[in-house]
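Worksheet for the structure shown next.
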Amino acid sequence: MAKRHFAQPTNTVPAGLASRLGAMLYDGLLLAAIWIAVTVAHLAFYRFVVGQPAEDIGTSAVDIWSLRLLLVLFTTLFFVFCWRRGGMTLGMQAWRLRVQTLEGETISVKQGLLRCLTAWLSLAALGIGYWWVLVDGQRRSWPDIASKTQTVRLPKN
């Protein structure tokens, strides 16, 4: 997929913490639905393909870690796909946020993966990577800095 240059309104500003957290909340609800679907598919696989008794599913390390890996994989795919496609997830659309390169283009797969990895680390560090927006002069989060991208707030239409 070729990079696409976004129309760059003159009054686009870096996204603040409140709108980022709002978008995260919306996306968290959507991710919960995705996680439920992945978990149901995982359980069905172990029950009907592998033939594991229902009471034994989720008791072995393989069962647990394969589900965890799938949840991380599908979460990453969701975000990278949305950011590559139009620069925003459904939650970001609601809050008028967009992820883009510093030149105002769609981000690369590599940048998307780097954003996701840094986002996981930011959340693991008690969200410090997102609170960083409050102290950074350019309102950048750790994922923005690491992937050389920016999260901007779009003007109202």
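Read the figures in this text as sums done on the coordinates, not as results from a lab. All of these numbers come straight from a predicted model, not from anything done at the bench. Cβ sites come from the backbone with ideal geometry, for glycine too, and all protein chains shown count toward neighbours.
Observations
- For peptides 130-137, 117-124, sequence by mean Cβ density within 10 Å, most packed first: 117-124, 130-137
- Local electrostatic count, Thr118, Cβ distance below 15 Å [Lys/Arg +1, Asp/Glu -1]: +3
- Using only side-chain charges placed at the Cβ, +1 for Lys and Arg and -1 for Asp and Glu, the dipole size of the chain relative to its Cα centre rounds to 720 debye.
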